[in-house]
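Below is one structure; the comments refer to it alone.
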Amino acid sequence: MTRPHRTLLLPLAAVLGLSLVWSSGTAGAGDTGRPGFADAIDSVLTDPLLSGAAAQVVVRDPATGATLYDRDGDRRLMPASTTKLLTASAALDVLGPDHRFRTEVLRTRDGDLYLRGTGDPVLLPEELDALAAEVAAAGITHVPGDLVADDTLFTGPGLGRAWGWDAEQYAYSAPVSALTLAPDTDYDSGSVRVSAGPGAAPGKPASVTLHPAPDLLTVDNRAVTVAAGGPHTLSVGRTHGRDIITVTGTVPAGAAPTDTWLSVTDPTAYTAAVFADALAAHGVTVAGTTVTGRAVPAGAETVAAHTSMPLSEILVPFLKLSVNPHGEALLKAIGAADTGTGSWTAGLAAVADHAARLGLDPGGYAQVDGSGLSRMNMIAPADFADLLAAVRGEPWFGHWYAALPIACEPDRLVGGTLRGRMCGTPAEGNARAKTGTLTGATALSGYVTTAGGRELVFSIMINHHLGSGQTRVQDAIVAALAADGDPGPRTAAPPVIAPLTERQEEVAEAGLECSWVKPAVC
């Protein structure tokens, strides 16, 4: 909508903790048609935090279709992890909320044993161990041939377009595979958890443990234990392009171990290596070698199988914790279901078809991956508002809504990336939205219910900003909607929003989602 130019009424600092003063001379909704929250949003968007940045907002009433606020809503920006909204809705539509990924163990007449994956992004080491136990229970104690890892359902490279090479070592940038493994119930598939702490005594090497710990991975431990109270400078990383985990620095005696999640270069080989160890632990020997990338031949006999939790439950860590590898696995699984080919191209085409059915113009936005990690994704807030409104009529909407992060809910798998945001405001326990963060880009799109019980959809996108703290702009806007989003002039007191913690500021400065940094700082 077209709005008259307005000067600054209240700085963001006021919204974040001081009294918010409304101009008595400002016209209300009664004589301009503007909702009560509009002036608050106008003022917040003029804060110096946004100097030189692009800040765009759309607020809509999905029940009537009315656009209540529009600040450059048709201009495309980088959506970061809010891209996951497109992927998740398409997955529910194409695969269905009850879809389960199946991982099988099969044997062939020539003596090979196959481990076949179909893209399960939440497969755990204990589930591979259970598969190995089933193999042993079937009477197989010796495999005369090879152990073969079949990941052929997915095609193409493991890394997406325009992903940063300097982030490849981190779990949030792990490559995608049809056969992958998560080390724990944060479900960071394609990664290993590295625990590092003090050694036996000062002067001794630090203690380093991998979870899981196949021989495929190598540890280069250069870290040293120092006396209690000494400097804690541990650093854990992975050599670019190789599965060598390097630990450097010093750790004081008596310090608690710290965990770091790192990606592996080849998720298929990693999963196969962990499965080989599980077979050995259950007394099953393999005469041959471990081979990857070969499809199960016709006539193979299934000897063990595991099915994942349903897609509706997978979406919880995917959306609440913003787990990037899940987005790519779901995207390729969508492509495989739609065309038989688990490629990014097929998956993206299927997502575009789904979005078009919901009313989005496929030519009006660009999506190149399933997670939003690429800086080549481009979409407008108006498109997200269209999507958020349209999915309310889908039979799977309840699963979608339940999987969104909830403002200020302390449980990580409830509040997710919003668990530390909008606390003490009318949006607390109310707003449900997907966050998005890259360096210079932050976004928030979702739902909030007003004091009068009216549900609104909103999309807030900020790009090209410097520094951190822009999420406070988003929080101020959503809190204002919760307090004052009903028809008529302003009626509610202004929200009070706490600033980011020092740790949250640090993570925001790095352009990361809070759940990607462990322990989580959400």
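Read-outs: derived from the displayed coordinates by stated rules, not from any lab. In this text the structure is predicted, and so the values were computed from the model without any measurement. Every residue, glycine among them, receives a Cβ derived from its backbone with ideal geometry; neighbour counts consider all protein chains shown.
With an 8 Å Cα cut-off and a minimum separation of 6 or more residues, compute the relative contact order for the stretch 102-310 in percent. Each step should come with its number before you reach the end.
Details: 516 pairs, mean separation 66.6, N = 209.
Normalised by residue count, the contact order of the stretch 102-310 is 32 percent.
Is the stretch 287-361 best put as rounded, prolate or oblate by its Cα gyration tensor, with a ≥ b ≥ c the root eigenvalues, rounded for a/c under 1.5, and otherwise prolate when a/b is larger than b/c, oblate when not?
Numbers: a/c = 2.39, a/b = 1.66, b/c = 1.44.
Cα axes put the stretch 287-361 in the prolate bin.
Along the Cα-to-C-beta direction of residue 200, a point sits 7 Å from the Cα; which residues of the stretch 258-286 have their amide N less than 17 Å from that point?
Those under the cut-off are none; the list is empty.
Distance between the C-alpha centers of the stretch 34-96 and the stretch 195-223? Whole Å please.
Using only Cα atoms, the two centres lie 46 Å from each other.
Between residue 242 and residue 211, what is the FRET efficiency for a Förster distance of 22 Å, r being their Cβ-Cβ separation, to the nearest 0.05?
My answer for the efficiency is 0.65.
Put +1 on the Cβ of each Lys and Arg and -1 on the Cβ of each Asp and Glu in the chain; which of 263, 105, 311 then has its Cα farthest toward the positive end of the dipole?
263
Roughly what would the spin-label model give for residue 141 and residue 505, points 7 Å off Cα along C-beta, in nm?
6.5 nm
How many angstrom separate the Cα center of the stretch 158-179 from the Cα center of the stretch 401-447?
Spelled out, the Cα-based centre of one part sits 25 Å from the other.
Of the peptides 144-152, 190-198, 108-116, how do they stack up when ordered by the mean number of other Cβ atoms within 10 Å, highest first?
Result, highest mean first: 190-198, 144-152, 108-116.
Taking R0 as 30 Å, what FRET efficiency do you get between residue 357 and residue 54 from their Cβ-Cβ distance, rounded to the nearest 0.05? All intermediate terms of the calculation are to be shown ahead of the outcome.
Values: r = 29 Å, r/R0 = 0.98.
Efficiency for this residue pair is about 0.55.
Just for the chain, what percent of DSSP beta bridges are antiparallel, to the closest 5?
Among the beta bridges of the chain, antiparallel pairing accounts for roughly 75 percent.
Considering only lysines 8 or more places apart in sequence, or on different chains, count the pairs in the chain whose C-alpha atoms sit under 14 Å apart. Could the numbers behind the result be given before it?
On the way: 84/320; 84/332; 84/434; 320/434.
Lysine pairs meeting the criterion: 4.
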